[in-house]
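*Asks:* Here it is, the structure, as structure tokens.
The values are calculated or read from the model by the stated rules, or taken from the named source; none is laboratory data. None of the values given here were measured: they were computed from a predicted structure. So basically every Cβ, Gly included, is an ideal-geometry build from the backbone, and we count neighbours across all protein chains shown.
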Amino acid sequence: MRRRAWLLRVGGAAVIATSLVFDASPLALLAVLFVLVVPFERLFPRHQQPFRRQRLLQDVGYALAQPAFAAVGVFVGAIIGALSLFWLPGLATRPIVESLSPFTQTIVAFVIFDFLIYWAHRWSHEIPLLWRFHALHHSIERMDWVSAFRNHPIDGIILAPPVAFLIGAGVPLETTGALAVLQALVGIFLHANVRWRLRPLQRLIITPEFHHWHHANDTEAINSNYSVFLPLWDIIFGTWFMPEDRRPERYGIDEYVPPTMVGQLAHPFRGLRSCRLSRSGGRRRRDEPSRSANA
Ligand SMILES: [Zn+2]
Ligand SMILES: [Zn+2]
């Protein structure tokens with residue numbers, strides 16, 4: 001058993017080292033984010049927690065492995081994007097999109113991207129097959145900027161159909177790529193351990209408080225606040241959850257998540273054949289029957 005755990009750790013170190021050999025930019029990204037975000041987390045902490053919290057090194061490992069994960073994500077995403085056929089309705093809207101000025105085109109692309117991402121994120125909670133990969137991100141128990149990197153590479157493919165749609169619609173690849181990068185960067189700040197509620201803005205743009213509720217292991221908060229840029233979609237589709245009288249206190253999920261990175265990456269594939277592509281599972285409230293009870 002001890003030998004297996006050791007082998008899994010060596011495997012994780014090999015993934016990170018290989019990724020860094022091909023692209024060392026995450027080191028610079030981590031340094032920049034450290035300088036930008038840590039002072040705010042120390043000056044305005046939402047939760048009193050040590051900087052060297054549990055699983056910090058593992059989350060740093062996830063950050064360093066991003067180039068390798070991105071390569072896997074882009075490869076699988078290209079296949080999923082093509083098979084999703086989302087580019088077909090994109091093609092249908094291309095004459096309208098191409099008639100717009102570049103500025104209007106960017107605004108329209110932003111709104112469409114955000115709307116589609118809302119549903120992609122929501123489905124990754126509601127569809128058991130997708131939740132398998134998204135659950136790793138929700139295993140975060142201490143919210144801070146580094147925790148944002150804890151993602152399964154296949155989890156990112158929820159972006160593929162929206163991107164396929166935008167490409168089909170004739171939106172320049174640079175705009176689509178910039179939106180995807182912006183989404184990832186905004187996501188890092190949303191996880192930060194800062195206590196700002198930003199109440200005047202909370203219905204206009206998403207805030208750390210909004211995303212902290214998304215991660216809360218709280219019966220009422222589960223399956224809420226899916227938006228990435230505009231909370232508008234949660235307000236329209238009834239998943240907005242921002243109580244004024246309390247704040248999120250406890251994060252994480254009650255499901256088992258392996259302790260090592262390699263174990264976590266392999267975990268969603270276990271028993272995959274018996275996993276159905278239905279919307280009746282995914283992350284459940286604690287008062288709902290569990291998937292295993294249903295199976
Ligand atoms: Zn989520
Ligand atoms: Zn998150």
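*Asks:* Quick one: THR239 ticks every box in (1) of a type in the set (Ser, Thr, Tyr); (2) at pLDDT 95 or above; (3) closer than 19 Å to MET143 by Cβ except a single one, so which number is it?
*Replies:* (3)
Residues are listed down the side, and each one gets a yes or a no for (1) touching a Cys at 6+ places or on another chain (Cβ under 8 Å); (2) more than 30 Å from PHE22 (Cα to Cα); (3) more than 16 Å from ligand 2 (Cβ to nearest atom):
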position	(1), (2), (3)
LEU57	no, no, yes
VAL72	no, no, yes
ALA92	no, yes, yes
LEU129	yes, yes, yes
SER139	no, no, no
VAL146	no, no, no
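*Asks:* Same structure, new question: Of all helices (runs of 4 or more DSSP H) completely enclosed by segment 88-187, which ones contain at least 1 residues that are free of Cβ contacts under 8 Å to residues at least 12 places away in the same chain and within 12 Å of ligand 1 (Cβ to nearest atom)?
*Replies:* On the way: elements: 102-126, 128-134, 160-168.
No helices (runs of 4 or more DSSP H) qualify here.
*Asks:* Another question, if that's okay. Residue check: is PRO162 more than 12 Å from ligand 2 (Cβ to nearest atom) and either on the phi > 0 side of the Ramachandran plot or crowded, with 24+ Cβ neighbours inside 10 Å (or both)? Please lay out each step first, then the result.
*Replies:* On the way: more than 12 Å from ligand 2 (Cβ to nearest atom): yes; either on the phi > 0 side of the Ramachandran plot or crowded, with 24+ Cβ neighbours inside 10 Å (or both): yes.
For PRO162, the condition - more than 12 Å from ligand 2 (Cβ to nearest atom) and either on the phi > 0 side of the Ramachandran plot or crowded, with 24+ Cβ neighbours inside 10 Å (or both) - is met.
*Asks:* For segment 191-203, does any single residue satisfy the condition of being surrounded by 20 or more Cβ atoms within 10 Å (Cβ to Cβ) and part of a helix (DSSP H, G or I)? Even if it seems obvious, please write down each step before you answer.
*Replies:* Applying the first criterion (surrounded by 20 or more Cβ atoms within 10 Å (Cβ to Cβ)) to segment 191-203 yields 191-194.
Filter once more, keeping what is part of a helix (DSSP H, G or I): none.
No - not one qualifying residue is present in segment 191-203.
*Asks:* Ok, one more. Please give the helices (runs of 4 or more DSSP H) falling wholly within segment 205-276 in which 3 or more residues are over 16 Å from the mean Cα position of the chain (by Cα) and not hydroxyl-bearing (Ser, Thr, Tyr).
*Replies:* Numbers: elements: 208-215, 232-237, 261-266.
Qualifying helices (runs of 4 or more DSSP H): 232-237, 261-266.
*Asks:* Could you look through segment 16-74, keep only residues that are under 18 Å from LEU265 (Cα atoms) and among the hydroxyl-bearing types (Ser, Thr, Tyr), and pick out the one that is surrounded by the most Cβ atoms within 10 Å (Cβ to Cβ)?
*Replies:* So, considering only residues that are under 18 Å from LEU265 (Cα atoms) and among the hydroxyl-bearing types (Ser, Thr, Tyr), the one surrounded by the most Cβ atoms within 10 Å (Cβ to Cβ) is TYR62.
*Asks:* May I pose another question? So which residues in segment 102-122 are within 16 Å of ligand 2 (Cβ to nearest atom) and closer than 16 Å to ILE80 by Cα, if there are any at all?
*Replies:* ILE117, ALA120, HIS121 - these are the residues of segment 102-122 that are within 16 Å of ligand 2 (Cβ to nearest atom) and closer than 16 Å to ILE80 by Cα.
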